[in-house]
Amino acid sequence: MSIASLRDIEALESVPLEQRDLPASTYELLRRSAARHAGHSALHFLLQGRADEEPVRISYAELFARVTQAANAFHRLGVRPGTAVSFLLPNLPQTHYVIWGGEAAGIVNAINPLLDPQHIAELVRAADSRVLVTLAPFPGSDLWDKVAALRDELPELSAILCVDLANYLPEPQRAALKAQRGPLPAGVLDFDEALAACPDDHLESGRVIHGDEVASYFHTGGTTGTPKLAPHSHANEVAMAEIMGLNADYAPDDVLLCGLPLFHVNGVMVTGLAPFHRGAQVLLPGPQGYRNPTLIEHFWKLVERYRVSSFSGVPTIYAALLQVPSDGHDLSSLRFALCGAAPMPVELIRQFEARTGLKIIEGYGLTEGTCGTSCNPRGGERRPGSIGLRLPYCQVKVALLDGDGRYLRDAAVDEIGNLCLKGPTVFKGYLQSDKNKGIWVDGEWFNTGDLGRIDADGYIWLTGRSKDLIIRGGHNIDPQMIEEALHRHPAVAMAAAVGKPDAHAGELPVAYIQLKPGAEVSVADLLEHAARHVPERAAVPKDIWLLDALPVTAVGKTFKPALRMDAIRRVFEEETRTLQPRPRIEVVSDERHGQKAQLFVGALDAATRAALASRLGAFAVHFELLEG
């Protein structure tokens, strides 16, 4: 059914989730799909992301066989329930074999390949990993170099396996590359060879997997050196697959394009387990996904050739696709596109839908909730700027807390408070017990750290973040990483990093600095210092602004809401610098939107006012054009 309102969600919930005959584990889910859809395509893989290349096709029977072999290979290498297989891989068929085979043998631990080696090592250790899977040396990839740099720091690993991308090359390129590269490094196993040596029709461990056992770890909370691992149970992931399937009404003739990375819950669930649960097909258009310019260039051709019915992206992807002409391509197979991970500017939605005729469904989710929590209804009213209605079986409420984070009461309709979640997809707490302080309110409700309100029709609106994360193109950046690097400069007394609005990325990191008394340093020197010491390229601040004193709370803590509002003001002042007279801009707190930019522009003619509104609409910031 096509959900149109909260009433439709409640109608679905009249059948309890326990009565929907769900498998106990992700392995059993894949076994059932293989039995029902054995010869049907589960995966199509393109090495280059081009519409005219010949795909590698993997059927459901083959997918389940490779997953079984992977589970057996990991078991032979010492992986047991409670211990982990970590992976550093791009989007490949083998990545799916690792994910679901790792969950069948023990626990799979997904790691962002863009992290530096030290962060990777800490995540491998925190997960109690026995095996690490990565890429063999290959032109254009630095994954093996990262693993080589940390091998000596991880004596607890019983094995390192490598997926060899050269195997996807045609001859004679394949042989030439392997000859040039030489054999795999000593002590490293070839992943495909390890699988080929294992049976594909049963688990050698004889394991019977229960729903409450941990299936996976996904790291969250930014990318500092203190990993925060969120465990997902098999029941969490199976419930998420069922809920997403119900909400999207996936069917075997659906084709989902996976451009988001498979170390992230969106890629794994929305364009992975959920379609696999329904026998649909997944298109993997290149190892780098959306990071590959060729994929963006060929996107509409791929939609036409493979009859893509849905894809998921972040605002930066939609902005990039707007630059690729879709005219002349048959897009009739597309049913909808999902946008999450970062707020989507209303103007970008309007432009994209007008250009393509495609319906964009905004949603919301987080790692601690396995993936999705809410989205605008496909069959009902979409309210731009809202994250929509809660998904079936996912409970959402807004709670008012006191200054110490203690529960006071549930919020009234449209009253802003802390967004809290409960239900079958919500995790039981972080792996490290010291990370769990204050995350639960009013019993078993998880406090997301996001601020929001719920209107009379059940639509959820985010109004701010009590967390300080900067979200750049859907990628979480912990400001502490930036601040620690800046504090190492001898002239810096205090540093605070926040996100500034950006029409392309949603937010970009910037920093405010208070210098030590008598210290002198240029902004250029501070930017150069940040570029050298911030460990992740995406986190290097785009601007640094010097203040005589950073704003602080009554207890002396940096008051970041004031800095975020100042960053909005600076961006909007830059956007309006050519207007005469220059408008006065004030950014204020707002009950409905969290913050609002007020631009006192005077008496503009209609065309200028419309052009200005369109330009400012590219930012995910509520604004008003006022006279005065």
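The values are calculated or read from the model by the stated rules, or taken from the named source; none is laboratory data. Computed from a predicted model, the values in this text were never measured in an experiment. Here the Cβ positions follow ideal geometry from the backbone for every residue, glycine too, while neighbour counts run over all protein chains shown.
Here are a few things to note about the model shown:
- Residue in the stretch 587-599 that is closer than 25 Å to Leu563 by Cβ and assigned to a helix (DSSP H, G or I) present: no
- Any chance Leu189 is assigned to a strand (DSSP E or B) and either within 17 Å of Ala105 (Cβ to Cβ) or not assigned by TED's automatic domain parsing to the domain that holds Leu115 (or both): yes
- When the criteria are applied in full, Ile482 meets the requirement of being aliphatic (A, V, I, L, M), crowded, with 22+ Cβ neighbours inside 10 Å, over 30 Å from Arg383 (Cβ atoms) and in contact with a strand residue (DSSP E or B) (Cβ under 8 Å, 6 or more places away or on another chain).
- Count - residues of the stretch 247-266 that are within 28 Å of Leu12 (Cα to Cα) and of a type in the set (Gly, Ala, Ser): 2
- Filtered residues of the stretch 400-433 (kept if closer than 16 Å to Glu368 by Cβ, among the aliphatic types (A, V, I, L, M) and part of a strand (DSSP E or B)): Leu419, Leu421
- If you go through the stretch 448-506 and keep only what is charged (D, E, K, R), out of contact with any Asp or Glu (no Cβ under 7 Å at 6 or more places or on another chain) and part of a strand (DSSP E or B), you end up with Asp450, Asp502.
- Count of residues meeting criterion [out of contact with any helix residue (DSSP H, G or I) (no Cβ under 9 Å at 6 or more places or on another chain), surrounded by fewer than 19 Cβ atoms within 10 Å (Cβ to Cβ) and either modelled with pLDDT of 95 or more or under 28 Å from Thr68 (Cβ atoms) (or both)] in the stretch 98-149: 1
- Residue among Phe218, Phe263 that alone is aromatic (Phe, Trp, Tyr) and not in a loop (DSSP other than H, G, I, E, B): Phe218
- Exactly one residue out of Ile361, Ile317 is in contact (Cβ under 8 Å) with a residue 24 or more places away in the chain, over 30 Å from Gly438 (Cα atoms), touching a Lys or Arg at 6+ places or on another chain (Cβ under 8 Å) and among the β-branched types (Val, Ile, Thr): that is Ile361.
- When each of Ala549, Ala567, Ala538 is tested for being of a type in the set (Gly, Ala, Ser) and part of a loop (DSSP other than H, G, I, E, B), the lone residue that passes is Ala549.
- The lone exception for Asp327 - which of (1) among the acidic types (Asp, Glu); (2) closer than 27 Å to Leu508 by Cα; (3) assigned to a loop (DSSP other than H, G, I, E, B) it fails: (2)
- Among the residues making up the stretch 149-179, a single one is closer than 17 Å to Ala196 by Cβ, touching a residue at least 60 places away in the same chain (Cβ under 8 Å) and of a type in the set (Gly, Ala, Ser): Ala159.
- Cβ pairs under 9 Å, 6+ apart, first in the stretch 279-298 and over 22 Å from Ser326 (Cα atoms) and assigned by TED's automatic domain parsing to the domain that holds Leu256, second outside any helix (DSSP H, G or I) and β-branched (Val, Ile, Thr): Ala280/Val255; Gln281/Val255
- Count of the stretch 601-628 residues which are over 29 Å from Asp455 (Cβ atoms) and either among the hydroxyl-bearing types (Ser, Thr, Tyr) or surrounded by 13 or more Cβ atoms within 10 Å (Cβ to Cβ) (or both): 4
- Just one of (1) over 30 Å from Ala412 (Cβ atoms); (2) surrounded by 12 or more Cβ atoms within 10 Å (Cβ to Cβ); (3) touching a strand residue (DSSP E or B) at 6+ places or on another chain (Cβ under 8 Å); (4) among the acidic types (Asp, Glu) fails for Asp590. It is (1).
- Filter result (free of Cβ contacts under 8 Å to residues at least 24 places away in the same chain and of a type outside the set (A, V, I, L, M, F, W, C)) within the stretch 1-28: Arg7, Glu10, Ser14, Pro16, Glu18, Gln19, Asp21
- Test result for His75, buried (at least 16 other Cβ atoms within 10 Å of the Cβ), in the same structural domain as Ala251 (by TED's automatic domain parsing), touching a residue at least 60 places away in the same chain (Cβ under 8 Å) and over 24 Å from Val308 (Cβ atoms): yes
- The set of residues in the stretch 383-414 that are buried (at least 21 other Cβ atoms within 10 Å of the Cβ) and farther than 15 Å from Asn247 by Cα comprises Ser386, Val396, Val398.
- Residue identified as closer than 26 Å to Ala251 by Cβ and either crowded, with 23+ Cβ neighbours inside 10 Å or modelled with pLDDT of 90 or more (or both) among Gly417, Gly380, Gly357: Gly380
- Residues satisfying the stated conditions in the stretch 119-171, i.e. closer than 22 Å to Phe74 by Cα, assigned to a loop (DSSP other than H, G, I, E, B) and of a type in the set (S, T, N, Q): Ser158
- Yes/no for Ala175 being surrounded by 17 or more Cβ atoms within 10 Å (Cβ to Cβ) and either over 21 Å from Val67 (Cα atoms) or in contact with a strand residue (DSSP E or B) (Cβ under 6 Å, 6 or more places away or on another chain) (or both): no
- Some residue of the stretch 29-49 being more than 18 Å from Glu213 (Cα to Cα), among the charged types (D, E, K, R) and free of Cβ contacts under 8 Å to residues at least 12 places away in the same chain: yes
- Test result for Glu520, surrounded by fewer than 19 Cβ atoms within 10 Å (Cβ to Cβ) and assigned by TED's automatic domain parsing to the domain that holds Val601: no
- Output for the stretch 192-201, where each listed residue is exposed (fewer than 14 other Cβ atoms within 10 Å of the Cβ) and not in a loop (DSSP other than H, G, I, E, B): Glu193, Ala196
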